[in-house]
Amino acid sequence: MELYKTNQLKIYNSLSKSKEIFKPILEGHVGMYVCGPTVYSNVHLGNVRTFMSFDLVFRYLKHLGYKVRYVRNITDAGHLTDDGTEDKIATKARLEKIEPMEVVQRYSLDFHNILQKLNNIPPSIEPTATGHIIDQIEIIKTILNKGLAYVVNGSVYFDVLKYNETEHYGILSGRKIEDSIQNTRDLDGQSEKKNPQDFALWKKAEESHIMRWPSPWSDGFPGWHLECTAMSTKYLGKTFDIHGGGMDLKFPHHECEIAQSKACNNVNPVHYWMHANMLTLNGQKMSKSTGNYILPNEIFTGENKLMKKAFSPSALRFFMMQAHYRSILDFSNDALEASEKGFLKLMEAVNQLENITANKTSSIDINSWKQKCYEAMDDDFNSPVLIAQLFEAVKYINLLKLGDDTLNEEDLKDFKITIKTFVFDILGLQNETSDDNSSKISGVVALLITMRNEARANKNWALSDKIRDELLAIGIQLKDGKDGTTFIIN
Ligand code: AMP
Ligand code: ZN
């Protein structure tokens with residue numbers, strides 16, 4: 001396909017604070033690292049937005065013909081609670097009286113399950129922090145050898161002020177050194193540090209800390225920022241193309257990653273830093289710790305007081321894609337409902353494409369429309385502008401249907417392929433309205449619901465319960481509401 005040679009993809013680089021023409025290090029190849037979830041609880045919709053933003057990036061780069069190695073880690077150790085006293089995963093394990101690795105397993109499964117429902121393509125490599133303790137220890141040794149870290153009571157801290165004598169700590173976040181005191185209180189660590197800006201590379205574990213590994217300095221655990229440096233370097237090299245994550249990770253996490261890499265390898269690790277903006281709820285950042293969040297499954301079932309009804313994964317995905325990844329997006333039932341209408345309209349038009357036949361001549365300039373679709377995506381993955389172009393296509397489809405416009409065979413073929421490519425391959429939407437097996441399943445379940453209603457009307461409770469229970473056993477849950485019975489497929 002070799003499309004990448006003719007396109008002018010521009011990416012907003014948070015490091016230069018400008019849109020830059022994308023030039024990969026190795027022609028035709030892209031190395032991309034995205035900070036993954038800390039698997040101590042169910043992913044909320046805000047987390048999902050960030051991962052979906054990078055799924056769009058991954059999909060478009062692949063579409064352009066690049067061979068992409070996409071690495072997204074799982075943080076299963078080292079991410080401390082906000083007060084800096086305990087590992088988030090260990091806290092959950094203590095509260096639930098289970099092993100930390102049971103916490104990791106449970107929420108990694110939830111994460112994968114949700115992303116799969118939302119049709120995200122899995123990364124090429126998904127490494128874990130606990131699987132890379134040795135790599136992290138090696139990096140600490142190098143930084144210590146260079147004199148840019150120091151050991152206190154079995155813990156190792158990065159010497160930010162020393163680093164800043166020759167390098168620029170704050171290059172990404174724009175923070176001045178005096179303002180870059182990390183907000184984690186890190187109570188006991190604070191007194192050990194030479195300066196409050198310093199951050200932990202290795203922490204000695206207290207007696208009560210169960211997640212611990214041996215190291216030359218103490219039985220302990222690595223600092224959170226280090227795992228991403230270790231895993232990105234290992235799988236993508238000392239310098240790679242794209243590093244992504246949510247806006248909230250810019251400081252301190254990504255700033256510290258840059259410092260660690262420069263200290264260890266003497267090179268800037270990343271060419272293009274990409275930051276996805278936040279999903280908000282009631283105007284506030286969606287966040288687990290403040291309780292201001294909603295879970296994706298609550299949207300698929302409608303079981304949350306914020307929701308008036310259930311929505312499909314593709315309607316949710318469409319809602320997210322209608323905002324540019326660098327814009328804040330506020331979530332509400334009504335906003336999602338408006339998106340669902342648009343999504344259904346688009347799908348209806350896509351379904352009608354098959355019925356349109358070619359004419360001798362074309363009255364629509366398909367090439368120019370197609371070019372605008374590419375221009376939208378080439379302009380820093382501007383999915384809302386792309387969607388506006390897809391609605392232009394919906395207008396064309398309606399006119400073609402009426403015979404008010406025409407396309408010749410070649411243009412019609414191109415039009416159909418382009419729409420499907422952008423809708424399904426690039427935006428990652430799924431056609432939930434097409435006349436395939438899913439609509440047949442819906443028909444069968446509707447029939448069973450009618451039969452169950454008849455059984456209930458005849459007071460045949462054994463039969464009505466059997467229908468409900470056996471459907472549930474195969475993963476179809478009936479839900480009785482005031483307007484009748486609906487169902488969800490789990
Ligand atoms: P965490 O599991 O807390 O490390 O977060 C995983 C990812 O979700 C990170 O890239 C965060 O930046 C991102 N994230 C957290 N909250 C939100 C939000 N409200 N909107 C968008 N992304 C978020
Ligand atoms: Zn990271």
Which aspartates and glutamates have a Cα less than 13 Å from the Cα of K203, not counting those fewer than 8 places away in the same chain? E86, D87, D186, D188, E192, D219
How many angstrom lie between the Cα centre of the stretch 63-107 and the Cα centre of the stretch 194-231? 15 Å
Looking at the chain, which longest stretch skips every one of the GluC sites (Glu not before Pro) that is in a DSSP loop with at most 13 other Cβ atoms within 10 Å, leaving the sites themselves out? 28-205
Restricting to Cα pairs under 8 Å and 6 or more apart, the percent relative contact order of the chain works out to 16 percent
Probe 1.4 Å - accessible area at Y12, Å² to nearest ten: 60 Å²
Treating only Lys and Arg (+1) and Asp and Glu (-1) as charged, each at its beta carbon, one finds that the stretch 435-489 has a dipole about its Cα centre, in Debye to the nearest 20, of 220 debye
Roughly how many Å² is the accessible area per residue of the stretch 281-397, as a whole number, for a 1.4 Å probe? 45 Å²
Vicinal HN-Hα couplings computed from phi for the stretch 288-294 (Karplus, 6.51 cos²θ - 1.76 cosθ + 1.60; Hz; Gly/Pro x): 5, 5, 8, x, 8, 8, 9
Counting only residues 5 or more places away or on other chains, whose amide H sits under 5 Å from the amide H of V68 once H atoms are built in the peptide plane? V30
For S155, what residues show an amide H to amide H distance below 5 Å, using hydrogens built from the backbone and excluding near sequence neighbours? K204
Cβ-based net charge around K162, under 10 Å, with every Lys or Arg adding one and every Asp or Glu removing one: -2
Taking the Cα centre of the chain as origin, sum charge times position over the Cβ atoms of Lys and Arg (+1) and Asp and Glu (-1), and report the length of that vector in debye to the nearest 20. 160 debye
Lysines near K146 by alpha-carbon distance under 16 Å, same-chain residues fewer than 8 away left out - which ones? K162, K262
Sequence neighbours fewer than 8 away in the same chain don't count; with that in mind, list the lysines whose C-alpha is under 16 Å from K288. K88, K92
Quick one: what are the phi-derived ³J(HN,Hα) couplings along the stretch 22-31, Karplus 6.51/-1.76/1.60 with θ = phi - 60°, whole Hz, x for glycine and proline? 7, 10, x, 5, 10, 3, x, 10, 10, x
Count the lysine pairs in the stretch 435-489 whose Cα atoms lie under 21 Å apart, taking only pairs 8 or more positions apart in sequence or on different chains. 4
Given charges at Cβ of Lys, Arg, Asp, Glu: the chain dipole, positive-most of M320, V270, V43: M320
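Would you mind working out the accessible area per residue for the stretch 23-276, using a 1.4 Å probe, and quoting it in Å²?
39 Å²
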Integer Hz, Karplus 6.51/-1.76/1.60 couplings in order for the stretch 81-86, x for Gly and Pro: 4, 4, 7, x, 9, 8
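The values are calculated or read from the model by the stated rules, or taken from the named source; none is laboratory data. Here the structure is a predicted model, which means the values were calculated and not measured. Please note: Cβ atoms are built from the backbone with ideal geometry, for glycine as well, and neighbour counts cover all protein chains shown. Ligands, DNA and RNA are excluded from the accessible area calculation, which covers all protein heavy atoms including side chains. Shrake-Rupley method; radii C 1.70, N 1.55, O 1.52, S 1.80 Å.
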